[in-house]
Amino acid sequence: MVQKYQSPIRVYKHPFELVMEAYERRFPTCHLIPMFVDSEVLEETESEDGSVHNVQRRCKLDVDAPRLLKRIAGVDYVYFSQENTLNKRERTLHIESHNETFSNRVIIHELCSYSAHPENEDWTCFEQSASLDIKSFFGFESTVEKIAMKQYASSIKKGKEIIEFYLNQLEEEGISHVPRWTPSLDAPSSSVTTKPVCATPKLLQLELPVTPAVSIPVSTDANDRELADATQSEATSNDVTNQPDDQMENQTGTPDG
C-alpha cells in the first residue's frame, strides 16, 4: 500500500532569489543535517538563455535506523537520487528525489518546490510531499514505515531551521538582496531548455488518502526506544537465518564517498 505525506505550505518572508542563495549553501553537505553525509553532482545543465538550471545529484545518507536492522539489511548508508530544476524566469525551484538503495523493495519519492508567493512577490512559498511504497523488506515492513515517518517529520522541522540559519548567515555577511534574473541583450529570443521542469510524477497523482505531515510525531528519545523495541520484536518473530541472498544488492553502483 502506498502511503502519502503532505506538509503544510511554509512561507518565508524573503524574496525567492535570496532564499535560493540560502538553499544552495546546504551543498555538498550540511553540518545542520548529521544524516546528510555527502553529495555528488552527476550532471549539470543550463538552458541557452541561462534562465533554467538543472542539477542531478546523488546523496549519501546515514539513516537513523536500529543497528540490528542495518546489519540484517547489510547496509551502512542509503543513497538517493535528486534532481533540482531552477527556473529563474518563473522564480521556481522543483526538487524531485527517490531512493536508489533497495529500490526494488522500497520506493520513496519526495517532491519539494519553492516559488514566489502569489500575493507578495517579496515572499517565498515552500511545499513538500512524499510517498512510501514498501513491497518487502525482510519481514521488517512496519519498522521501515515507522523509520520513514520519523525521518519525514524530522526533515520538515529541520528544513525550516536550515533555510533560516543560512538567511541569517547571509545577513551577517551583508547580503540582503539578490537581483532577479533578467534576459541578456545578447541572449536568443527563445531559450531551449536541456531538461524539462520536473512534473509531478504519476506516483503522487494516485487517488489515495493523504496523511498530513503535522500528524506525524517529532522524534523523541521515547520514540527511538519504541522503534528499537519494535525492531527487536520483529527480529524475534522472523527467521533471520532465511535472509535473501540479495541483501547486499544496494552496494552496486553507489559511490564510496
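Numbers below:
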{"item": "Residue among Y77, Y12 that alone is more than 13 Å from the chain's Cα centre (by Cα), modelled with pLDDT under 95 and of a type in the set (S, T, Y)", "result": "Y77"}
{"item": "Among residues of region 63-91, those that are out of contact with any helix residue (DSSP H, G or I) (no Cβ under 8 Å at 6 or more places or on another chain) and assigned to a strand (DSSP E or B), counted", "result": "7"}
{"item": "Residue that is surrounded by the most Cβ atoms within 10 Å (Cβ to Cβ), among those in region 104-152 that are modelled with pLDDT under 90, more than 14 Å from A65 (Cβ to Cβ) and out of contact with any strand residue (DSSP E or B) (no Cβ under 9 Å at 6 or more places or on another chain)", "result": "G139"}
{"item": "Some residue of region 58-68 being surrounded by fewer than 19 Cβ atoms within 10 Å (Cβ to Cβ), under 14 Å from the mean Cα position of the chain (by Cα), under 24 Å from R105 (Cα atoms) and basic (K, R)", "result": "yes"}
{"item": "Subset tally (residues that are in contact with a Lys or Arg (Cβ under 6 Å, 6 or more places away or on another chain) and at pLDDT below 95) for region 15-32", "result": "0"}
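Each row is one residue, and each column tells you yes or no for (1) in contact with a helix residue (DSSP H, G or I) (Cβ under 8 Å, 6 or more places away or on another chain); (2) of a type in the set (F, W, Y).
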site	(1), (2)
A22	yes, no
P28	no, no
F36	no, yes
D49	no, no
R58	no, no
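The values are calculated or read from the model by the stated rules, or taken from the named source; none is laboratory data. Keep in mind that what you see is a predicted model, and the values were worked out from it rather than measured. Positions of Cβ are backbone-derived with ideal geometry, glycine not excepted, and every protein chain shown enters the neighbour counts.
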